[in-house]
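Reading through the structure tokens given below for one structure.
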Amino acid sequence: MDEALYVRFQGTERHPRGHFPGVFILANELAAQGKLTEEQYRFWRSNNDWYDANYPNPTHVDPQVYAPEVHPGAVAWFKASAVDLIRRVDGYLELLAAHAVECRRLEAANPGRIVYEDEYQVVVVPEGEPSAG
């Protein structure tokens, strides 16, 4: 059996664009809809700020990395070695559970075709997704 090199936390319902949204998108949507309590909002804001300060945002490097016409179905996965980043996801999972938003943890040795990579994460187009153009 292959060792899991990548970890992803995603919802169980497909997004209108066809993919399963990740844990950050799910939490961001709750915040945008005004569904978070004051305490949950403080957690969400401070942790989003922490992630922004401590790891690269793929869209800042490549603004088209998630563009469906360029990389259909592209999603981000943590590298399993990014333990500090993965550990902080627990609070997001608790926040989502409080709003009955289901989320699951996936692990994979090869989650798809890598279209972006840095020290902490990859963005991949899952196998079987149509190619652009």
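Hydrodynamic radius of the chain by the Kirkwood approach over all distinct alpha-carbon pairs: 15.5 Å. For the chain, modelled as a GNM whose springs connect Cα atoms under 10 angstrom apart, the maximal fluctuation among Ala108, Ala97, Ala27 occurs at Ala97. By the combined test of axial Cα extent (at least 18 Å) and Kyte-Doolittle hydropathy (mean at least 0.5), none of the DSSP H helices of the chain qualifies.
Scoring 7-16, 73-82, 41-50 by mean Cβ neighbours within 10 Å over their residues and listing the highest first yields 73-82, 7-16, 41-50. Charge tally around Ala27: other residues with Cβ under 11 Å, Lys/Arg +1 each, Asp/Glu -1 each, net 0.
The largest-to-smallest principal axis extents of the Cα set in the range 18-58 are 29, 29, 11 Å. Here's how it looks for Ala80: its modeled amide H is under 5 Å from those of Tyr6, Val7, which are all 5 or more places away or on a different chain.
Running a GNM on the chain with Cα contacts under 10 Å, which residue among Val65, Val122, Val83 ends up with the highest mean-square fluctuation? Largest GNM mean-square fluctuation: Val83. Extension gain, Ala98-Thr37: 0.36 nm per intervening residue step, less the Cα-Cα distance, totals 20.9 nm. When the Gaussian network model of the chain links Cα atoms closer than 10 Å, the mean-square fluctuations of Gln40, Gln64, Gln121 top out at Gln64. The mean sequence distance of close C-alpha pairs (under 8 Å, at least 6 residues apart), as a share of the length of the chain, puts its relative contact order at 37 percent. Protein heavy-atom accessible surface, 1.4 Å probe, per residue over the chain: 59 Å². Under a model in which nothing but the beta-carbon of Lys, Arg (+1) and Asp, Glu (-1) is charged, the range 1-81 shows a dipole of about 120 debye around its Cα centre.
The values are calculated or read from the model by the stated rules, or taken from the named source; none is laboratory data. All figures in this text were calculated on a predicted structure; none of them were measured in a lab. A quick note on method: Cβ atoms are made from the backbone with ideal geometry, for glycine too, and the neighbour counts reach across all protein chains shown. Note: accessible area is taken over every heavy atom of the protein model, side chains too, but ligands, DNA and RNA are not part of it. Shrake-Rupley method; radii C 1.70, N 1.55, O 1.52, S 1.80 Å.
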